Amino acid sequence: MKLLPVLCFAVLCITLTLGLWPFHAPDNEVTWLKGANGLAFGKHGTVLSRGPLQTASATASVEIWAQPRRWTGSTLLTLYRPDKRAAFEVRQSLEDLEPSYEAAGGRSHFYVNDAFGPSLRGGKPVLITLTYGARGVTVYRDGVFAAAAPPGFRIPDGVFTGRLVVGDSVGGTHSFRGDILGLAIYDRELNAAEALSHFQSSLNTRNAGEIALYLFDEKSGNAIHNHAAANAELYIPKTYTVVDEVFLRPLWEEFDFSRSYWAGNLKNIVGFIPTGVCFYACLIAVWPAKRALLVTLVVGFLVSLTIEVLQAYLPTRDSGTTDLITNTLGTYIGILCYRRFLGWAKRGWTKKHPRSIW
């Protein structure tokens with residue numbers, strides 16, 4: 001048996017395994033903190049509300065008491081309206097805070113520089129307060145003004161009557177790595193004095209206008225009570241779950257300037273270079289160079305498409321069209337690598353060893 005077909009099969013198996021592992025929904029990595037109120041979120045963790053929030057107010061505020069453990073990109077909180085396909089997210093982008101919203105008109109976001117930096121460096125929790133009203137979105141960190149959103153940033157109407165996803169986003173996996181110690185949502189716009197007062201009390205007191213207050217003081221079980229109202233209680237799923245996982249998310253929706261986005265693209269390119277090298281080397285032995293190149297690119301694209309289709313059924317993976325482009329590009333780079341280096345080495349080897357397994 002020739003070595004190249006076996007090598008192609010091995011590369012195909014490894015590529016599919018890396019693209020689809022794990023092949024099932026893992027356990028939900030959310031645990032109660034020991035000796036304190038709060039939840040610890042692992043690699044894949046989420047907490048969901050059993051029902052939507054209830055408010056008719058056009059203003060709102062959100063307070064999140066959290067301790068990030070990783071310098072990464074993740075989502076602390078999502079407010080989601082499935083009927084309008086609208087979501088408001090509070091995200092961590094390395095040491096920065098990234099409030100964002102996504103609706104039918106597209107995605108918008110802004111950054112609050114170094115919002116999590118002191119917490120990551122000092123190992124202490126931080127209270128993030130976001131207020132929304134006539135003045136737009138204002139952000140406080142530990143009760144102190146941190147930033148105001150640019151004029152064009154507005155939160156979709158009615159999103160604060162949506163479903164809560166704590167520690168993750170909707171449509172794909174962006175799990176928060178760290179602890180969440182408290183969460184409060186109001187149907188009014190908090191002022192600077194209130195933001196500071198709530199920081200000093202560590203969210204442990206009731207305040208006017210609260211429609212949701214989660215102190216995470218149950219310490220066991222999978223139910224988390226809303227101390228402000230009877231609705232929108234939270235629960236911890238047994239297995240990791242992504243709400244409304246997206247199938248083949250469009251390129252323009254996936255595009256981001258974050259380091260994690262570009263690092264993921266680089267991994268996708270590098271991961272498909274062996275596919276280009278092995279399949280082109282196998283096909284060039286029986287077909288003309290141009291035909292072997294085209295068929296190899298088609299193979300790379302089809303393998304990538306297979307992975308993306310199957311990833312839509314795996315909560316730990318994201319199904320998107322960006323990967324189709326980067327994986328096919330990696331396949332093409334593998335072809336170029338063979339043409340430039342390995343093809344020359346192979347010709348020299350077979351000239352000296354006519355009975356080579358190549």
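The values are calculated or read from the model by the stated rules, or taken from the named source; none is laboratory data. Bear in mind that the values here come from a model prediction, so they are computed numbers and not experimental data. When we count neighbours, we look across all protein chains shown, and the Cβ atoms used for this are built from the backbone with ideal geometry, even at glycine.
Counting only residues that are surrounded by 24 or more Cβ atoms within 10 Å (Cβ to Cβ) and either in contact with a Phe, Trp or Tyr (Cβ under 8 Å, 6 or more places away or on another chain) or polar (S, T, N, Q) (or both), segment 196-207 holds 0 of them.
Screening P99 with (1) assigned to a loop (DSSP other than H, G, I, E, B); (2) under 20 Å from T173 (Cβ atoms); (3) not charged (D, E, K, R) gives one miss only, at (1). Filter segment 195-210 down to the residues that are touching a Leu at 6+ places or on another chain (Cβ under 9 Å), part of a helix (DSSP H, G or I) and not aromatic (F, W, Y) and list them by number. A195, H198 - these are the residues of segment 195-210 that are touching a Leu at 6+ places or on another chain (Cβ under 9 Å), part of a helix (DSSP H, G or I) and not aromatic (F, W, Y). In segment 288-308 there is at least one residue that is under 19 Å from the mean Cα position of the chain (by Cα) and not hydroxyl-bearing (S, T, Y).
Consider segment 314-340 and keep the residues that are β-branched (V, I, T) and in a helix (DSSP H, G or I). The one that is nearest to Y261 (Cα to Cα) is T322.
Please verify whether segment 183-194 includes one or more residues that are modelled with pLDDT under 95, out of contact with any strand residue (DSSP E or B) (no Cβ under 9 Å at 6 or more places or on another chain) and in a loop (DSSP other than H, G, I, E, B). There is no residue in segment 183-194 that is modelled with pLDDT under 95, out of contact with any strand residue (DSSP E or B) (no Cβ under 9 Å at 6 or more places or on another chain) and in a loop (DSSP other than H, G, I, E, B).
Given the structure, is V137 under 24 Å from E194 (Cα atoms), outside any loop (DSSP other than H, G, I, E, B) and in contact with a Lys or Arg (Cβ under 9 Å, 6 or more places away or on another chain)? Answer is yes for this residue. Inspect segment 151-165 for any residue being over 21 Å from P52 (Cβ atoms) and out of contact with any His (no Cβ under 8 Å at 6 or more places or on another chain) and give the result as yes or no. Checked segment 151-165: at least one residue is over 21 Å from P52 (Cβ atoms) and out of contact with any His (no Cβ under 8 Å at 6 or more places or on another chain). When R107, R91 are checked against the criterion of being under 18 Å from L183 (Cα atoms), out of contact with any Lys or Arg (no Cβ under 9 Å at 6 or more places or on another chain) and in contact (Cβ under 8 Å) with a residue 24 or more places away in the chain, a single residue qualifies: R91. The one condition from (1) part of a loop (DSSP other than H, G, I, E, B); (2) within 30 Å of P26 (Cβ to Cβ); (3) not small (G, A, S) that I269 does not meet is (1).
The set of residues from segment 158-182 being within 13 Å of L76 (Cβ to Cβ), of a type outside the set (S, T, N, Q) and in a strand (DSSP E or B) comprises L164, V165, V166, G178, D179, I180, L181, G182. Of the residues making up segment 213-221, none is surrounded by 15 or more Cβ atoms within 10 Å (Cβ to Cβ), of a type in the set (G, A, S) and out of contact with any helix residue (DSSP H, G or I) (no Cβ under 8 Å at 6 or more places or on another chain). Pairs meeting the criteria (first residue in segment 201-222 and at pLDDT 90 or above and aliphatic (A, V, I, L, M), second residue exposed (fewer than 12 other Cβ atoms within 10 Å of the Cβ) and in a loop (DSSP other than H, G, I, E, B), beta carbons under 8 Å, at least 6 apart or on different chains) are L213/R206. Among residues that are hydrophobic (A, V, I, L, M, F, W, C), in contact with a His (Cβ under 6 Å, 6 or more places away or on another chain) and surrounded by 20 or more Cβ atoms within 10 Å (Cβ to Cβ), L190 is not included.
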